[in-house]
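Report on the following structure.
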Amino acid sequence: MKLFTINKDGKLIPYKEHIFKEENKESDLENLLERNPEYFFEDSKIMIIGRQVPTNLSSWIDLLGLDRNGNTVVIELKRGKTPRETVAQLLEYASFIENLDYEALNEIYQGYIGEETSLDNYHQEYFEITNDDKVSFNKNTKLVIVAQDISNHIKQTSLYLRKKGLEIYCMEFKYFQNHAFERMITSDFVVGEENFIKSEVKSTAQLPKVDEKTFLESLDKNGKVVFEKIFEFAKSNDLFFRWGSKGFSLNLPIENGFVGLCFGYPPDSVFKQSIYSGIEEITKKVNDYESVVDYYKKALEKTGFFVPAKSNFKWVINKSVDNERIMKFLNVLTELVSKIKEKGLK
């Protein structure tokens, strides 16, 4: 394949194909796929939930993802040509992933994103699933090899495994650069459909975390009004924030632990510019949580601007907000803190 840019004089300036591994590390390929999964897999988005995920056999999965239906997607990356053991490597990863339940996948996801947001809530928002159908996570596993050169041995073995019912895909990419050092990548599936793509487990690779300053800078004027008030409220009530790759959890320190009260997200998050309740955190950590959760749900519903979001409630801040509305929410948090202190931790 030949690629050209067209300059202002109408002349074709060629892109020259380069060997990716001569100029890039494997982590560079991981970065590209991690940040742009929709471009590699065309119409089928993949939600990345882990990078360099350790297995029980002291090996490491390059990237772990989920598709819209909750199926796991194991991605093995090679900068150059695929060695013969690549398929065996991938099957080893699959044997580990197959045994992970929702809690294990949720732990991988939370370790990767650096937030306590639950996997099922994030999955629903990421894929914009509007119905209340319950997703069954990890019912099936898809295996994907991405390399600049898929060898004939790997193609033949992968085709055989597909005929036997295993969902394995091989995708080749080509890497180009022009005289101005502008780079281009093309991709194509050489095996697989072109329109697709209980142990303690944690990913060592984590997305960079934001802080209060960068979070506020990412908000629009409506969001700034709300979140600045929340930050003031937190500081005056001895609450603290745990920052993730996009947003934060607002936490109550109590006894020798803490409880997440709510979560905040900026406009570029899959949750949009919003506040989510921390009902799952309260359920998990607070003694006799039923009455506390019941109060929280009813109080948020009564505000008129929080709406149900699976097991939680959310407030999407997409229009002007007056001070009365903000105070309603802060009053709910004040009462919630009082009830949690009364009950204590499990």
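Every read-out reported here was derived from the displayed coordinates using simple, explicitly stated rules and does not represent laboratory data. Remember, predicted model here, so these are calculated numbers, not experimental data. FYI the Cβ positions are ideal-geometry reconstructions off the backbone, even for glycines, and counts take in every protein chain you see.
Kindly state, to the nearest 0.05, the FRET efficiency for Val316 paired with Trp60, given R0 = 41 Å and r defined as their beta-carbon distance. The formula returns an efficiency of 0.65 here.
Among Arg79, Arg51, Arg162, Arg35, rank each residue by its count of other Cβ atoms within 10 Å, from fewest to most, as a rough exposure measure. Can you show the working numbers first?
Values: Arg79 21, Arg51 24, Arg162 16, Arg35 9.
With the fewest neighbours first, Arg79, Arg51, Arg162, Arg35 line up as Arg35, Arg162, Arg79, Arg51.
Taking every C-alpha pair closer than 8 Å and separated by at least 6 residues, the mean separation divided by the residue count of the range 212-343 gives a relative contact order of 21 percent. Just to be sure I understand, if you calculate percent of Cα pairs over 38 Å apart for this structure, which of (i) 19; (ii) 11; (iii) 29 do you get? From the options (i) 19; (ii) 11; (iii) 29, the structure gives (iii).
Convex hull volume of the Cα atoms of the range 212-343, normalised per residue: 104 Å³.
In a fully extended conformation the segment linking Asn222 and Lys346 would gain 40.9 nm over its present Cα-Cα distance, using 0.36 nm per residue.
Each helix, a run of at least 4 DSSP H residues, gives -39500 (n - 2.57); summed and divided by the residues of the chain, these come to -11000 deg cm²/dmol at 222 nm.
Reducing the range 51-98 and the range 138-159 to their Cα centroids gives an inter-centroid distance of 10 Å.
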